[in-house]
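Take a look at the structure below.
The values are calculated or read from the model by the stated rules, or taken from the named source; none is laboratory data. Just so it is clear, the model here is predicted, and its values are computed rather than measured. Cβ sites come from the backbone with ideal geometry, for glycine too, and all protein chains shown count toward neighbours.
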Amino acid sequence: MRSLICSIVAAIGLALALAQPLAADGNGLVTHQSNYPFDETVARFEEAVLNASEVGFRLYTRIDHAEAARELGTEMPGSTVIVFGTPAHAARGFMAAPTLAIDGPLKALVWEDSSGAVMLSYNSPDYIGQVRFPRHGLPDMSGTPDFEILGNTLNAFAEYATK
C-alpha cells in the first residue's frame, strides 16, 4: 500500500514536489493560497481525494460553515471543511488508541481571508505525529516514512486544488 501511495505522489510531478506552501508547522497548519475561486478550490480538493480512491482514500463529507451561518441569518466569508482519509490506515490507529478517533479522520479547510483571498489549510503531518498521536498515548510518528508519504500526499492534493 505504501508503495502505491508513493507511486501516485511521484506521478503527480516534479512541479508539485518543488512547490512550497505559504506557511508550515509554526502553528501546526500548512496553508496554501489558491489561484481559483472558493467553490472551485473545494471541488478541486475533493477531486484530488477521489482520484486517490484506488489507494484507499475516501471523501467522507463536507461541512459548509458559511452556509450554516446563512441559515441563521448571518453572513461570513467562505469556510468549508472537507473530511477525508484512508479507512485502513485510520482503523489501525483507532484500534491502538480508540480516543484517536476524536482527532480523525483528516480534514482540510478551504477559507476566505479578510481580503477575499481563498486559502486551503490542513494539519501538518509533524503536528499530527508530535501532538495528536502522543495525546492519545501513541508514539510520535513525525519524520517516519509513513508520515513523509502523508505529507507529500497532502501537499499534492493541496497543490492540485490551488495551483
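Residues in region 112-131 that are loosely packed, with under 15 Cβ neighbours inside 10 Å and either touching a residue at least 60 places away in the same chain (Cβ under 8 Å) or within 18 Å of PHE147 (Cβ to Cβ) (or both): ALA117 alone.
Looking only at residues of region 132-157 that are of a type in the set (A, V, I, L, M, F, W, C) and surrounded by fewer than 20 Cβ atoms within 10 Å (Cβ to Cβ), we find that the one that is farthest from the chain's Cα centre (by Cα) is LEU138. Against the numbered list (1) of a type outside the set (Ser, Thr, Tyr); (2) under 28 Å from GLY137 (Cα atoms); (3) touching a Leu at 6+ places or on another chain (Cβ under 7 Å), ALA88 comes up short only at (3).
Being under 14 Å from the mean Cα position of the chain (by Cα), outside any strand (DSSP E or B), farther than 21 Å from GLU159 by Cβ and not small (Gly, Ala, Ser) is a condition met by no residue of region 87-96. The set of residues in region 28-73 that are free of Cβ contacts under 8 Å to residues at least 12 places away in the same chain and among the hydrophobic types (A, V, I, L, M, F, W, C) comprises ALA43, LEU50, ALA68, ALA69, LEU72.
For every residue, the table says whether it meets (1) modelled with pLDDT under 95; (2) crowded, with 17+ Cβ neighbours inside 10 Å; (3) aromatic (Phe, Trp, Tyr).
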site: CYS6; (1), (2), (3): yes, no, no
site: ALA15; (1), (2), (3): yes, no, no
site: SER34; (1), (2), (3): no, yes, no
site: PHE38; (1), (2), (3): no, yes, yes
site: GLU54; (1), (2), (3): yes, no, no
site: ARG58; (1), (2), (3): no, no, no
site: ALA68; (1), (2), (3): no, no, no
site: THR74; (1), (2), (3): no, no, no
site: ALA101; (1), (2), (3): no, no, no
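Taken together, the residues in region 141-163 that are of a type outside the set (Lys, Arg) and over 12 Å from ALA48 (Cα atoms) amount to 12.
A single entry from THR74, THR41, THR61, THR80 fulfils the requirement of being among the hydroxyl-bearing types (Ser, Thr, Tyr), in contact with a strand residue (DSSP E or B) (Cβ under 9 Å, 6 or more places away or on another chain), closer than 19 Å to SER114 by Cβ and not in a helix (DSSP H, G or I): THR80. Taken over region 77-93, residues that are crowded, with 16+ Cβ neighbours inside 10 Å and more than 28 Å from PRO37 (Cα to Cα) amount to 3.
When region 124-161 is filtered for residues that are of a type in the set (S, T, N, Q) and touching a helix residue (DSSP H, G or I) at 6+ places or on another chain (Cβ under 6 Å), the ones remaining, listed by number, are SER142, ASN152, THR153.
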